[in-house]
Each structure stands twice: as structure tokens, then as C-alpha cells.
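Worksheet for the structure shown next.
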């Protein structure tokens, strides 16, 4: 990567700059140039290097969720306290082709402890082995399973949320659409962390402006989309690109988190605007100076710890049915589109 690869037009966070400088100095092979298996190994190594010390919770156990094609692995985190607990179905990111319950273990522990909720992290099938709609089928099945097994899992079925980062934000938003369209499980809120919501037309201003030099590149995104979609026209399916849904009304309240120097920043903020126009209580917080993936980097970025605390606070408010003040007051820049 050339010295001019970082085209900073704003005030990038000092800790982020140090991280990007370290990546550039390391001269490692870009993620998009690796074989898929190696990408998955790298993702786990990078996650463990940046996630910080995992938070202790009351119990962590691996479970399986039965699906038509066989079992889907999941990991369940239970907080200290008295059941029944509210619950978050967590959907990890990774461009639909990488990451797992292991790469996002620290995130789930933090949200379990901070929101005092059970977290069920679903290890959905990945592309290219399993292209669209395999991932969203698994996520929606996991949502149904958690709701139908709530009593056995010590979960309050009336307080179930869904959320995730990046591709996981996309899948979470899509699952909310499916639940509405099929009269499925009631969802208390959707927590979308820098979600990619329009996979058919990703060429937004932020996609072009921040597509090189900020860890996640346009080339990586394009490789992910090529792997995820097997049939022409799939990207225009609203369950692949929720932004393209004709109707976004009657969806769960949304807490949307975006990062300033992120290729999908405009995606998340445009989706938030459409939700609000459709009457859905929505709050979006843009974290200035941050990059895609920062939410998980609590070991190296202090604002990642702030963002995780904000997300936990938003979940607590949603579980208590108080989404009137999702101001994320601790965030670097809060309420750019708050309802």
C-alpha cells in the first residue's frame, strides 16, 4: 500500500490512526487476496488481538439449533441475575464469508453483561459454500427457535431483540422484515451496527471515498458480494437488501450505529432515514473518527468501549420499553438522526 493510501479528509481518531499505521507497516497480504480458509483464520487472529480482555458472565455454553438442512451451531451467554431474562439474538459480521461465534465472543460477553440479557450468537452458514439465502434462512430459523424455546432457555419471550455488525446488521434487518411479513416472532428492537443495507447498489459516497486505506476495502466488499450471490437478481431481493423493501413500516424500533470513515456509513444512515420516514422509532449515532469494524476493537480503541456501552444502554432501554431517549449520550457524536 502506498503512503498516499490514507486519504483522511476529516479528523481520524488518534488510536485508529495508530492502528492503520501499524497495519500498513506490517505489509501483510490484504484480506481480499487470501484464500477463503485463510481469511477465516486471519479474522480469528485479528479479533483476538484487538478485542481486549473478555468480560466474565454467569454462563457460556454452545448449543445447536435444528434447521431443515441440519443443526446450526450457536453460543448462548447468560448474565448474572434472576431469570427470565430479555434476550438478544446476535448475528456476527464478516462479509457473509468469514467470522464466526468465536471472532465475536468478546462482543457478546460485553453485551450480555452490559444489557443484562441472554445473548444467543448464531453461527449461520457462510458463502461461498452456502450463498444467499442460506445465511438469512439460518438467522430467521434461529429467531423462531429462540422465541419458541424461550421458557426452556429462561428467556422472556416478550423481550427479544436482534442485532449484529456489518453483514450481521444486514441479516438482522432482513430478519425483521421476514418476521413482519410472516407474522413471526415479536422483536423488541433491532440493533444494527454499521449495517450494509443495499447490496444491489453499494456505490455510495462513503463507499467510494473510504474504499481504500481503512481496513475494509471496496475490493474486499466486491469479493464478498460475488461469493454471497449465486443468481442474477438476488441482490435486489429485499431480504438481501432491506433498503430496497417497498414498505418499511411496522418494523421494530431501530438503534443504528455508524462510523465516519466507513464504506457502508451511508448505507446505515440512509436506512435509518427510510425507517423514520416510515414511522419506525429510530436513532442513529455516527462515531466520528472511527472505521468499519471498530465496535469489536475494545482492546485498542477506547471509543469501541464507549460504543459497546452505548449499545448495551440502548438494549436496556428497549427491554424496558423506553426508546424515547436513545441519545447514546456517551458517544463521540450522538443523535445525528435521532427520533
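What FRET efficiency would be calculated for the residue pair residue 277, residue 22, taking the C-beta separation as r and a Förster radius of 41 Å, to the nearest 0.05? Write out the running numbers ahead of the final one.
On the way: r = 41 Å, r/R0 = 1.01.
Approximately 0.50, to the nearest 0.05.
Give me 201, 283, 104 ranked fewest to most by other Cβ atoms within 10 Å of their Cβ, as a rough exposure proxy. Could you put the intermediate results ahead of the total?
Numbers: 201 13, 283 25, 104 28.
The fewest-first ordering by Cβ neighbours comes to 201, 283, 104.
Over the chain, the ratio between the Cα radius of gyration and 2.2 N^0.38 Å evaluates to 0.91. Look at 88, 215, 34 and count the other Cβ atoms within 10 Å of each Cβ; fewest to most, that gives 34, 215, 88.
Angle of helix 167-181 to the longest C-alpha principal axis of the chain, folded into 0 to 90 degrees and rounded to 10: 40°. The GNM of the chain, with springs linking C-alpha atoms under 10 angstrom apart, assigns the highest mean-square fluctuation among 19, 248, 111 to 19.
With an 8 Å Cα cut-off and a minimum separation of 6 or more residues, compute the relative contact order for segment 257-326 in percent.
Working: 59 pairs, mean separation 20.6, N = 70.
With pairs under 8 Å counted, the relative contact order is 29 percent.
Listed by Cβ neighbour count within 10 Å, with the fewest neighbours leading, 193, 162, 12, 208 appear as 208, 12, 193, 162. Under the criterion of Cα pairs below 8 Å and six or more residues apart, the relative contact order for the chain equals 18 percent. Can you bin segment 1-137 into rounded, prolate or oblate? Criterion: square roots of the alpha carbon gyration tensor eigenvalues sorted a ≥ b ≥ c, rounded for a/c under 1.5, prolate for a/b above b/c, oblate for the rest. It is oblate, given that a/c is not under 1.5 and a/b is not larger than b/c. The helix-based estimate of mean residue ellipticity at 222 nm for the chain, built from -39,500 (n - 2.57) per DSSP H run of four or more residues and divided by its residue count, is -11000 deg cm²/dmol to the nearest 500.
Taking a cut-off of 22 Å, what percent of all Cα-Cα pairs in segment 162-284 are separated by more than that?
Result for the distance tail: 29 percent.
Against the chain, whose longest principal axis comes from its Cα atoms, helix 265-277 is set at around 40 degrees.
Angle of helix 14-26 to the longest C-alpha principal axis of the chain, folded into 0 to 90 degrees and rounded to 10: 60°. In a GNM of the chain with a 10 Å cut-off on Cα contacts, which of 202, 30, 86 has the highest mean-square fluctuation? Among 202, 30, 86, the largest GNM mean-square fluctuation belongs to 30. Between residue 83 and residue 59, the contour length at 0.36 nm per residue exceeds the Cα-Cα span by 7.3 nm. Return the single residue from 223, 265, 188 with maximal mean-square fluctuation; model: Gaussian network over the chain, springs between Cα atoms under 10 Å. Among 223, 265, 188, the largest GNM mean-square fluctuation belongs to 223.
Every read-out reported here was derived from the displayed coordinates using simple, explicitly stated rules and does not represent laboratory data. From a predicted model like this one, the values you see are computed outputs, not experimental measurements. FYI the Cβ positions are ideal-geometry reconstructions off the backbone, even for glycines, and counts take in every protein chain you see.
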